[in-house]
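*Asks:* First, the structure itself, so that you have it in front of you.
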Amino acid sequence: MFSILFATGGVSAAATPVPATDDMIFGTTRVFRTDYGGYTNADFYYSDSWFNNDPSEVNYSLALSSILFSASAANSTNGVNYLKEIGFEDATAKNYNSSTEYSCAYTYGTKLLDEDTTLVAISIQSSLYSFKEWSQNVQVNDESVSNPFHHGLYLVTQNIVDEISQIPSTQNVKYWISGASRGGAIASILTYMLSENTYTNLSKKNVEFFTYVFEAPTVYDVGNSGENNLTRKFSFIHNFVSTDDVVCALPIWNMVLPGNVYYLNEIVNGEDSIPYIKRIYESGDFNASNLYSDEAVTFCSNLQTRFTNLTKTRAGYSTDITDEIRYGTGPFDIETIATVTYNYQDSLDVYIQNISKIFWTDNLKDFVSMLNTQQNLIYVGEALVGAIFEQYTEKYPVNQGVVEAIRNEIAIKYLPYDAASNLTDQVNDILDSEITVDQTYGFLKMLAYALLDHEQIKEAYK
């Protein structure tokens, strides 16, 4: 899971096999651990000689340094200190306090490898960001769905790529780029953009990339181009993912990570095919054999299938849908009582934005308490379509197909609408928001589909 990548506090330089070089630097840095939401010390080692190697060949020592760089760059201080510890005297943190909608915080530094070669180290902030960054994660599409990139993260990258391309450097430039989760996705897009060599400052320089990405969501819609083309073209991007991590399971719809992909759960539990990374994780202060479970892998696989059934195309995720809400006291006196218009991207975005605003505050406790009342749990249960079909079977004995179809329509549409109507005002009071009933309805339908695996529900949605 994503928390593993930053759970490196127990990694000891002495406990891991260290390929010796004359310029090896050893030390300790402060890193953020998502497994318990705080900072801890992590031992590291580093060598400039790693950047003399072929960037398309994975370097597991550099992978470990990249994890630590990402974990240290969670705030504006630790990432800078880490770079200075490994010889980057010119180290800076950017945008960590920005309130701009599509801003992106990152830490960077430069150092000379020789008189003609500059190493530029960049890590995208990968945790401790605000509600606007959480919102960017779910903004997959623009209005036309014409951009193959993940839309929200593409806009973020656009805001930093020009300034990064203008970081002063010599004729030969080597970029070391890292990030995890959202930060990893942006690191991937940033490498893609810089490698196109369309930026004035880079167009006449010799440029190489050493990009290491961890547990990132997919970012590029390959369409008919084929995934293998991106693997070959961007062989200098190394993606470490896990099939038991929801972050890595989405978005779907032919979206991929450019470059090489290595599966962490196969490394930990499977054959010793990538022994060094396996050794890194086993040397930590946790039991590597318990990091992954078959149940989590199955859940993520099923989640991908359910989202595909919910909206079979990327465009469908952000397309407006109109449902007529019908209800009656019996199967033959059904009438339309409301019309709801929503799209899944907007509904998910508005809830992600507003819920993430109240993390680590008393409002979050109030929000959970509000949902945890008996009546509201009933509404949520309605929205999640718990025992809907059984309840309606008891109420309306099924003797013919048309009656069953009417009953299913009521179950799928009326109960989420009833829940949305009763919950929206309460949600707005707690979150100080202006969420609409239509947006709540879309969010609850999406949530129900993500959590439930009911063949009748799938059929009713078709």
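*Asks:* Is there any pair with a first residue in the range 163-186 that is without any contact (Cβ under 8 Å) to a residue 60 or more places away in the chain and over 17 Å from ALA216 (Cβ atoms) and a second that is among the aromatic types (Phe, Trp, Tyr) and surrounded by fewer than 21 Cβ atoms within 10 Å (Cβ to Cβ) whose Cβ atoms are under 7 Å apart and which are 6 or more apart or on different chains, and what are they?
*Replies:* Sorted first by the residue in the range 163-186, then by its partner, the pairs are SER165/TYR199.
*Asks:* Which pairs turn up if I take residues in the range 412-433 that are under 13 Å from ALA448 (Cβ atoms) and open to solvent by less than 40 Å² (accessible area, probe 1.4 Å) and look for partners that are modelled with pLDDT of 85 or more and in a helix (DSSP H, G or I) with beta carbon separation below 6 Å, at least 6 apart in sequence or on another chain?
*Replies:* Hits for this filter: PRO416/TYR441; ALA420/VAL437; ALA420/THR440; ALA420/TYR441.
*Asks:* What number of residues within the range 60-114 are of a type in the set (S, T, N, Q), under 17 Å from TRP50 (Cα atoms) and within 25 Å of the chain's Cα centre (by Cα)?
*Replies:* Total meeting the criteria: 3.
*Asks:* Further question on the same structure: In this structure, is SER66 of a type in the set (S, T, N, Q), within 18 Å of PHE209 (Cβ to Cβ) and modelled with pLDDT of 90 or more? I'd like the intermediate steps shown before the answer.
*Replies:* Working: of a type in the set (S, T, N, Q): yes; within 18 Å of PHE209 (Cβ to Cβ): yes; modelled with pLDDT of 90 or more: yes.
Here the answer is yes, as SER66 does meet what is asked.
*Asks:* I've got another one for you. Being polar (S, T, N, Q) and touching a helix residue (DSSP H, G or I) at 6+ places or on another chain (Cβ under 7 Å) is the filter; apply it to the range 93-126 and report the residue that is nearest to SER178 (Cα to Cα).
*Replies:* So the residue we want is SER123.
*Asks:* Name, by its number, the condition in (1) surrounded by fewer than 20 Cβ atoms within 10 Å (Cβ to Cβ); (2) closer than 22 Å to SER188 by Cβ; (3) within 21 Å of the chain's Cα centre (by Cα) that does not hold for SER56.
*Replies:* It is condition (3) that SER56 fails.
*Asks:* Return the residue satisfying two criteria in turn: it lies in the range 174-222 and is among the charged types (D, E, K, R) and surrounded by fewer than 24 Cβ atoms within 10 Å (Cβ to Cβ), and of such residues it is modelled with the lowest pLDDT.
*Replies:* LYS204
*Asks:* Name the single residue, out of those in the range 31-53 being of a type in the set (D, E, K, R) and at pLDDT below 85, that is surrounded by the most Cβ atoms within 10 Å (Cβ to Cβ).
*Replies:* Among those residues, the one meeting the criterion is ARG33.
*Asks:* Enumerate the pairs (first residue in the range 47-58 and part of a helix (DSSP H, G or I); second residue anywhere and open to solvent by 40 Å² or more (accessible area, probe 1.4 Å) and at pLDDT below 95) with beta-carbon separation below 7 Å, excluding pairs fewer than 6 apart on the same chain, so at least 6 apart or on different chains.
*Replies:* ASP48/ASP23; ASP48/LEU113; SER49/THR21; SER49/ASP23; PHE51/LEU113
*Asks:* Follow-up question, since we're still on this one. For the range 74-87, which residues satisfy the criterion of being part of a helix (DSSP H, G or I) and either touching a His at 6+ places or on another chain (Cβ under 7 Å) or touching a residue at least 40 places away in the same chain (Cβ under 8 Å) (or both)?
*Replies:* ASN78, GLY79, ASN81, TYR82, GLU85
*Asks:* Which strands (runs of 3 or more DSSP E) does the range 88-164 wholly contain that include 2 or more residues that are among the aromatic types (Phe, Trp, Tyr) and either touching a Phe, Trp or Tyr at 6+ places or on another chain (Cβ under 6 Å) or over 20 Å from ASP349 (Cβ atoms) (or both)?
*Replies:* Hits in the range 88-164: 106-114.
*Asks:* Suppose the filter is at pLDDT 85 or above, of a type in the set (Ser, Thr, Tyr) and open to solvent by 10 Å² or more (accessible area, probe 1.4 Å); does SER169 pass it?
*Replies:* yes
The values are calculated or read from the model by the stated rules, or taken from the named source; none is laboratory data. What you see is a predicted model, and the numbers here were worked out from it, not measured in a lab. Positions of Cβ are backbone-derived with ideal geometry, glycine not excepted, and every protein chain shown enters the neighbour counts. Note: accessible area is taken over every heavy atom of the protein model, side chains too, but ligands, DNA and RNA are not part of it. Shrake-Rupley method; radii C 1.70, N 1.55, O 1.52, S 1.80 Å.
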